[in-house]
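Report on one structure; see the data block that follows.
The values are calculated or read from the model by the stated rules, or taken from the named source; none is laboratory data. Given the structure is predicted, the values throughout are model-derived calculations rather than measurements. Quick reminder, even Gly has a Cβ in these numbers, built from the backbone with ideal geometry, and neighbours come from all protein chains shown.
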Amino acid sequence: MSAPLQATTVAPQASRAVRKGLSARDLWPPLLTFALVIGLWELAVRFLQIPIYLLPAPSQILETFLARPAFLLRIGLVTFTNAVVGCAIGASLGCLVAALCVRWRVVADGLVPLAVAASAVPIIALSPLMGIWLGSVSPLSKIAVVAVMTFFPTLVSVYRGLVSPTADALMLMRSYAAPQRVVFAKLRAPAALPFLFGALRVCATLSMIGAVVAEFFGGPQNALGVYIKTQAGILRTREAWSAILVACLFGLAFYLAVVLAERAAMPWKRGRQQ
Amino acid sequence: MNTPPIIEFDRVSKVYQSGGGPVTALLDVSLSIAAGEFIALIGPSGCGKSTLMRLIGDLEQPSSGTVRVKGKTPEQARLDRDYGIVFQAPVLYEWRTVRRNVELPLEIMGRPPAERRERAMSLLRLVGLGDFGDAYPHQLSGGMQQRAAIARALSFEPSILLMDEPFGALDEITRERMQTELLSLWSSAAPRPTVIFVTHSIPEAVFLADRVVVMSPRPGRVQRIVPIDLPRPRVFETRESPGFFSLVTEVREALRATENERVEV
Amino acid sequence: MTYPAQGAPGGAPGTLARRALPIIGVIATLLLLWEGARLLFGLSEQRLPSLGSIIETMFTPTRGGAGPLLIVQMLANGWATFRVALGGFVIGGLLGFGLAVLFMRLPVLERGLMPYVIGSQTVPILAIAPMVVVGFGRMGAPPWLAKMVVAAYLTFFPVTIGMLRGLRSASPQSLDLMRSYAATPFQYFWKLRLPVSLPYLFTALKIAASAAVIGAIVAELPSGAREGIGVMILNAAQYYNSRPQALYLAILVAGLVGVCFYGLVVLAEHLIVKWRA
Ligand SMILES: Nc1ncnc2c1ncn2[C@@H]1O[C@H](COP(=O)(O)OP(=O)(O)OP(=O)(O)O)[C@@H](O)[C@H]1O
Ligand SMILES: [Mg+2]
């Protein structure tokens, strides 16, 4: 997934193979297991007679989804929009504040440790408060929760990226008598890009989960989280699971979009990623 | 030296299968090394010095030919704990204090704690790290770390020391001091261990070794063996003696011959 | 003469104060902004209660004077969530640890399963929480069990990945060293692979710590739960109009539980991974 994982687990020769592209040999084991897991799940549910309120079979979930795909995708889109907008706001603010932190290090000394601690705080607990402030059925309240959730990790990562250039690299800039603005644009910002995308990958999944869970605290009827919670509450698990399937699809799409953006933004790293 | 060879290579070849096709690292190497001998391996980069050393230590297996160590297979010798290895990097375990790093092999061999501790401390004193037993590796300089690695290799009194460019990362001054230290450790050991010492430095090879094995690349072969008859103990002044210079020149010529050969091929 | 580690944080008391000061400054600024916003925009207690009234509310008795102080009741609920999260964290952690060791020993298994362990991170696992709770409730399991299962589930993924990465992080040379000592597989593990993997394990545990707390809280949201932070937050939100301060307090306690949990892991890391400067 991430570059460090690859660097530690894949030998140089192997990574060259990865660079050439994924071969059939790399693809079949995961595909096979996927089929295996789904098959086992299906068989287990059927033959162990697991009650449907506990776990429906994959075929039943798919069937339920296919019964009303338009409806499910529509409510999924409502939640997905909140996730994307919230993530965009949170990540932008995170970048902005990180840049301010580089300019005024005192701010960084105070803010960055708090932002690290904030990663331990269940931000999701803010949902009802946001509902009260911004209206519990309003998309604004969900967007706000997602924005807060994504703000802190982006701030921490991007700040680390902005201060990652070595003393030597900074010295070089100094020798050119480059003004701070140029040092930022030519050195710090490019150095921070991998950190930004690392944070965005995390944020992409975080924000879809966050948007769904924020709706558990209350939200408009036509949203994924509300639907999952109410359907689960009345033991209509197949319906709830088909909604989760939709959440997975949107979450995956968001994640892949970030990965694609990452490749476009950092051509010099292309080929080193999976 | 009429003792039977402790290490014997009989027409040994090593071929690596890599992404870009097979690479012959060693071709038809025959070599015998006597017990207690100090051997320096020298040759251009990629000529198979590390490979030769790793074959002795059973870290690689030959593609053809046989390697015998004390009349046994290298694997048996490894299981009998005949080897102490020192790499170019110190490879200390960062989560252990320096003393506990030196104790590591003893621990693995199941020696009692009191003996381990005593042995580790006396070795650390021997390599000049008596005060650093409780420090963590990151608190030591590069040279100090490498001394700890040597102490670790000596801790269980192996009969064979395999050293792959152990001083390669050190500055010239530290390096010369470590060479002298190594020789005094080696000669004071009760049965002298056999040392296989890989280096890129001609003076280092000449200063340390009984014999210098000069290797040529592509494929790796033993080009020449230069006996070093300088008297022991070797001291600072040895490096300034005329005999030393002429041997350095001899090794250098042998190395240049490997290059000429390569140009002709 | 020891060489100080590069980039080691200074341990002198003077530097501690210098590090704490900006943090205190930021917190003070935030609190000032809070009160400032109230004055500037003329916000009512309903919109944004004053800090004073929030503190005051802490010490009002519950249940019309018969129950404990509000803050005591809230901390008790926080403790209930903490307990369950910790239980799930331990179970999930052990599971992840075991799976990572298994994967390391059997690479075939890993090649097949690992893509899913990674892929599953892109899936909103938390969304399943209500179903786990409802399903378990239906089967007659005690409510804490469902919460613990969710927390364990969320812990186990990051721990598997982090631990496996750590187990693989031993350098080839340090492995050669072990080989030259003819170490047994158990010694490879105990003396080399386990210690090198500890920093990775703790990185994963820190991520898992907050995930476990969030999981426990979310599992308290479906109707039927009787104790825990999730319940407390929902209750406070419901009675917001009559007592807005309670919601802020509940959120504060949620944050406190998260930070304490995280702090516990950091503390354990400091005690165990001593060699890192
Ligand atoms: N694991 C391996 N896989 C493939 N080829 C290898 C491997 N190890 C070594 N080789 C090849 O074998 C040859 C000899 O390598 P070796 O490491 O023994 O050289 P060396 O003399 O120690 O070089 P240096 O002085 O640079 O350390 C080289 O051409 C190298 O590319
Ligand atoms: Mg080498």
Within the group C:Gly258, C:Gly263, C:Gly228, which residue is in contact with a Ser or Thr (Cβ under 7 Å, 6 or more places away or on another chain), more than 7 Å from chain A (Cβ to nearest Cβ), farther than 15 Å from A:Ala214 by Cα and of a type in the set (Gly, Ala, Ser)? C:Gly228
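Scan segment B:15-23 and give yes if some residue there is more than 16 Å from ligand 2 (Cβ to nearest atom), within 14 Å of chain C (Cβ to nearest Cβ), outside any loop (DSSP other than H, G, I, E, B) and modelled with pLDDT under 90, otherwise no. Give the steps one after another, and end with the answer.
First, the residues of segment B:15-23 that are more than 16 Å from ligand 2 (Cβ to nearest atom): B:15, B:17, B:19-22.
Subsequent filtering for residues that are within 14 Å of chain C (Cβ to nearest Cβ) retains none.
No, segment B:15-23 has no match at all.
Does at least one position in segment B:176-187 carry a residue that is free of Cβ contacts under 8 Å to residues at least 40 places away in the same chain and within 13 Å of another protein chain (Cβ to nearest Cβ)? So that I can check it myself, show each step before the final result.
As a first pass, look at segment B:176-187 and keep what is free of Cβ contacts under 8 Å to residues at least 40 places away in the same chain: B:177-179, B:182.
If we keep only those that are within 13 Å of another protein chain (Cβ to nearest Cβ) too, we end up with none.
Looking for residues that are free of Cβ contacts under 8 Å to residues at least 40 places away in the same chain and within 13 Å of another protein chain (Cβ to nearest Cβ), one finds none in segment B:176-187, hence no.
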Pairs under 8 Å by beta carbon, first residue more than 11 Å from chain C (Cβ to nearest Cβ) and basic (Lys, Arg) in segment B:150-167, partner assigned to a strand (DSSP E or B) and within 16 Å of ligand 1 (Cβ to nearest atom), six or more apart or different chains? none
Residue in segment B:91-107 that is farthest from the other protein chains (Cβ to nearest Cβ), counting only those that are crowded, with 23+ Cβ neighbours inside 10 Å and within 25 Å of B:Asp58 (Cα to Cα): B:Val102
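Take residues that are buried (at least 18 other Cβ atoms within 10 Å of the Cβ) and away from chain C (no Cβ under 14 Å) and tell me which of the helices (runs of 4 or more DSSP H) falling wholly in segment A:182-274 contain 1 or more. Lay out the reasoning, then the answer.
Numbers: elements: A:189-216, A:224-233, A:237-265.
Hits in segment A:182-274: A:189-216, A:237-265.
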Single residue of B:Leu26, B:Leu59, B:Leu41, B:Leu79 found to be within 15 Å of ligand 2 (Cβ to nearest atom), at negative phi and either within 14 Å of chain C (Cβ to nearest Cβ) or among the β-branched types (Val, Ile, Thr) (or both): B:Leu59
Could you tell me which numbered condition B:Ala151 fails, if it satisfies all but one of (1) among the small types (Gly, Ala, Ser); (2) surrounded by 17 or more Cβ atoms within 10 Å (Cβ to Cβ); (3) within 16 Å of ligand 1 (Cβ to nearest atom); (4) under 15 Å from the mean Cα position of the chain (by Cα)? (3)
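Can you tell me which residues in segment C:240-275 are of a type outside the set (A, V, I, L, M) and more than 11 Å from the chain's Cα centre (by Cα)?
Selection gives C:Tyr240, C:Asn241, C:Ser242, C:Arg243, C:Pro244, C:Gln245, C:Tyr248, C:Glu269, C:His270, C:Lys274, C:Trp275.
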Where in segment C:128-192 are there helices (runs of 4 or more DSSP H), lying wholly inside it, with at least 1 residues that are within 20 Å of the chain's Cα centre (by Cα) and of a type in the set (Phe, Trp, Tyr)? C:143-167
Got a number for residues in segment B:108-128 being buried (at least 17 other Cβ atoms within 10 Å of the Cβ) and modelled with pLDDT under 90? 4
Selection count, segment B:187-241, where residues are of a type in the set (Ser, Thr, Tyr) and away from ligand 2 (no atom under 16 Å from the Cβ): 5
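Step by step: first the residues of segment C:231-251, then only those that are assigned to a helix (DSSP H, G or I), touching a residue at least 24 places away in the same chain (Cβ under 8 Å) and more than 8 Å from every other protein chain (Cβ to nearest Cβ), then the one that is farthest from C:Val84 (Cα to Cα). Which residue is that?
So the first thing to find is which residues in segment C:231-251 are assigned to a helix (DSSP H, G or I), and the list is C:231-238, C:245-251.
Next cut, touching a residue at least 24 places away in the same chain (Cβ under 8 Å) only: C:231-232, C:245-246, C:248-250.
Right, trim to more than 8 Å from every other protein chain (Cβ to nearest Cβ) and you get C:231-232, C:245-246, C:249.
On the way: C:Val231: 14, C:Met232: 15, C:Gln245: 26, C:Ala246: 23, C:Leu249: 21 Å.
That would be C:Gln245.
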Kindly indicate which of C:Phe189, C:Phe156, C:Phe202 is at pLDDT below 90 and farther than 23 Å from C:Val253 by Cβ. C:Phe156
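Can you find even one residue in segment B:195-206 that is more than 16 Å from ligand 1 (Cβ to nearest atom) and buried (at least 23 other Cβ atoms within 10 Å of the Cβ)? Please lay out each step first, then the result.
Initial filter on segment B:195-206 (more than 16 Å from ligand 1 (Cβ to nearest atom)): B:195, B:203, B:206.
Okay, now just the ones that are also buried (at least 23 other Cβ atoms within 10 Å of the Cβ), so B:195, B:206.
The answer is yes, given that some residue of segment B:195-206 is more than 16 Å from ligand 1 (Cβ to nearest atom) and buried (at least 23 other Cβ atoms within 10 Å of the Cβ).
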Is there a residue being within 13 Å of another protein chain (Cβ to nearest Cβ) and more than 21 Å from B:Arg177 (Cβ to Cβ) anywhere in segment B:136-148? yes
What pairs come up if the first residue lies in segment A:123-139 and is aromatic (Phe, Trp, Tyr), the second is crowded, with 23+ Cβ neighbours inside 10 Å, and their beta carbons are under 6 Å apart, counting only those six or more places apart or on different chains? none
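When the residues of segment A:86-107 are filtered to those that are touching a Pro at 6+ places or on another chain (Cβ under 8 Å) and buried (at least 16 other Cβ atoms within 10 Å of the Cβ), which remaining residue is nearest to the other protein chains (Cβ to nearest Cβ)?
Residues of segment A:86-107 that are touching a Pro at 6+ places or on another chain (Cβ under 8 Å), as a first pass: A:94, A:106-107.
Checking which are buried (at least 16 other Cβ atoms within 10 Å of the Cβ) leaves us with A:94, A:107.
On the way: A:Gly94: 16, A:Val107: 8 Å.
Across segment A:86-107, the extreme among qualifying residues is A:Val107.
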Regarding segment B:76-95, can at least one residue be identified that is within 16 Å of ligand 1 (Cβ to nearest atom) and more than 20 Å from the chain's Cα centre (by Cα)? no
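Every residue, every condition in (1) surrounded by fewer than 23 Cβ atoms within 10 Å (Cβ to Cβ); (2) of a type in the set (A, V, I, L, M, F, W, C); (3) without any contact (Cβ under 8 Å) to a residue 60 or more places away in the chain, yes or no:
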position	(1), (2), (3)
B:Ser30	yes, no, no
B:Ala35	yes, yes, no
B:Ile39	yes, yes, no
B:Cys47	no, yes, no
B:Pro62	yes, no, yes
B:Lys72	yes, no, yes
B:Ala77	no, yes, no
B:Asp82	no, no, no
Quick check on A:Val226: is it without any contact (Cβ under 8 Å) to a residue 40 or more places away in the chain and touching an Asp or Glu at 6+ places or on another chain (Cβ under 9 Å)? yes
In segment A:170-186, is there at least one residue being of a type outside the set (D, E, K, R), touching a helix residue (DSSP H, G or I) at 6+ places or on another chain (Cβ under 6 Å) and at pLDDT below 90? yes
Among the residues of segment B:154-161, is any modelled with pLDDT of 90 or more and either within 16 Å of ligand 2 (Cβ to nearest atom) or under 19 Å from B:Leu247 (Cβ atoms) (or both)? no
Is it the case that some residue within segment B:240-260 is more than 14 Å from chain C (Cβ to nearest Cβ), exposed (fewer than 14 other Cβ atoms within 10 Å of the Cβ) and within 16 Å of ligand 1 (Cβ to nearest atom)? yes
With C:Leu164, C:Leu177, C:Leu154, C:Leu205 as the choices, which residue is aliphatic (A, V, I, L, M), crowded, with 24+ Cβ neighbours inside 10 Å and in contact with a strand residue (DSSP E or B) (Cβ under 9 Å, 6 or more places away or on another chain)? C:Leu177
Would you pick out the residues in segment C:52-63 that are within 16 Å of C:Ala250 (Cβ to Cβ) and more than 14 Å from chain A (Cβ to nearest Cβ)? C:Ser53, C:Ile55, C:Glu56, C:Thr57, C:Met58, C:Phe59, C:Thr60, C:Thr62
